[in-house]
Amino acid sequence: MNIALVTYKDKGAYHAINVSNEDDLLTDFLHSKGIAVTKEIWNDPDVIWEKYDLAIIKSPWDYFDLIADFYSWLEDMEKRNVRLLNPFSILKWNADKHYLKDIEQAGLRVTPTIFLSQGQKVELADYFQTFKTYKIIVKPVVSGGAKNTFKVTPVTANEHTIKVNQLLQNEDFIVQPFLKEIEEVGEWSFLFFGAEFSHAVLKKAAGGDFRVQSTFGGTVHKEKPSQELIGKARAYVTSFAKDCLYARVDAAVVDGDLVLVELELIEPYLFLDTNEMALDHYHQALLKLIS
């Protein structure tokens, strides 16, 4: 089987020096198992996708900057009958944070979310009362890497209202309460391969920041979650990612319960270097899906 590992043209925007080159780590491991894998840039017009039996979506980290092109590329891959992992329908569904509505309607806990439509005019200070908090998070419905993500307080509400209303001219946004548990304890990432739990990490923001991404100085800590938390994370995967090669459940523990922040099914960093069995787990899941 000939496999493409789908990545992007790295221009440095989403790179961090303390993150290992996970794509190379994974490619080398799969090569050692006798699997032919070639890294390909998703929007490179010279790639002959038909020569591949399978395309694994790994790190197209600029897709949200080029979302119309990405949707077109997905549709083109489907027309060419190139099998994608994760599946085409899952990728398109997961690209837009309106998917959070589907998860909530399924009875699973998500961070409370209000959707702002393109062209809408808002006063961000109104949402402090709505969520009964004095800190909120505002971000686009199609985004990644904390792009255009704002932590809003009463002090910054007017400034951020002007900025968000400008951005709303071009795209939809969401408003959520800021989860103090992420700032105080951290954000969990649960990694599943083939719907089976592999490993987990706890991500913590740098002092004075709220973003846990390594690009902004966030740190990653090897932690062993309880079986109860793993079970709760698994519920999101079972309901919405059971046919996926990979899934990352980003969540916070709020009042003892797991609350979803994001269900990452497109291009999550997998923290493969934090657990000695992670690459094996990925490999075994892949074998099951291609056998």
Enumeration of residues in region 241-259 that are open to solvent by 30 Å² or more (accessible area, probe 1.4 Å) and either in contact with a Gly (Cβ under 6 Å, 6 or more places away or on another chain) or within 17 Å of THR111 (Cα to Cα) (or both): VAL253, ASP255, GLY256, ASP257
Pair list, Cβ under 8 Å, 6 or more apart: region 151-167 residue hydroxyl-bearing (Ser, Thr, Tyr), other residue exposed (fewer than 14 other Cβ atoms within 10 Å of the Cβ): THR161/GLU123
Unmet criterion (only one of (1) in contact (Cβ under 8 Å) with a residue 12 or more places away in the chain; (2) more than 21 Å from LYS242 (Cα to Cα)) for VAL82: (2)
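Pick from ASP46, ASP76: which is assigned to a loop (DSSP other than H, G, I, E, B), farther than 25 Å from ASN275 by Cβ and modelled with pLDDT of 95 or more?
Details: ASP76 fails: assigned to a loop (DSSP other than H, G, I, E, B).
Testing whether each residue is assigned to a loop (DSSP other than H, G, I, E, B), farther than 25 Å from ASN275 by Cβ and modelled with pLDDT of 95 or more leaves just ASP46.
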Verdict on VAL261 being modelled with pLDDT of 95 or more and in contact with a Phe, Trp or Tyr (Cβ under 6 Å, 6 or more places away or on another chain): no
Pairs where the first residue, in region 131-150, is within 17 Å of GLU183 (Cα to Cα) and of a type in the set (D, E, K, R) and the second is part of a helix (DSSP H, G or I) and open to solvent by 20 Å² or more (accessible area, probe 1.4 Å), C-beta under 8 Å, 6+ apart: LYS135/LYS180
ILE90 among the aliphatic types (A, V, I, L, M) and surrounded by fewer than 16 Cβ atoms within 10 Å (Cβ to Cβ): no
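Would you mind stating whether SER143 is modelled with pLDDT of 95 or more, among the small types (Gly, Ala, Ser) and surrounded by 15 or more Cβ atoms within 10 Å (Cβ to Cβ)?
Values: modelled with pLDDT of 95 or more: no; among the small types (Gly, Ala, Ser): yes; surrounded by 15 or more Cβ atoms within 10 Å (Cβ to Cβ): yes.
Here the answer is no, as SER143 does not meet what is asked.
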Some residue of region 54-72 being open to solvent by 40 Å² or more (accessible area, probe 1.4 Å) and under 23 Å from PHE193 (Cβ atoms): yes
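The values are calculated or read from the model by the stated rules, or taken from the named source; none is laboratory data. The model shown is predicted, which means the values in this text are computed figures rather than measured ones. Note that each Cβ is placed from the backbone with ideal geometry, even for glycine, and that neighbours are counted across all protein chains shown. The area values use the complete protein model at the heavy-atom level, side chains included, leaving out ligands, DNA and RNA. Shrake-Rupley method; radii C 1.70, N 1.55, O 1.52, S 1.80 Å.
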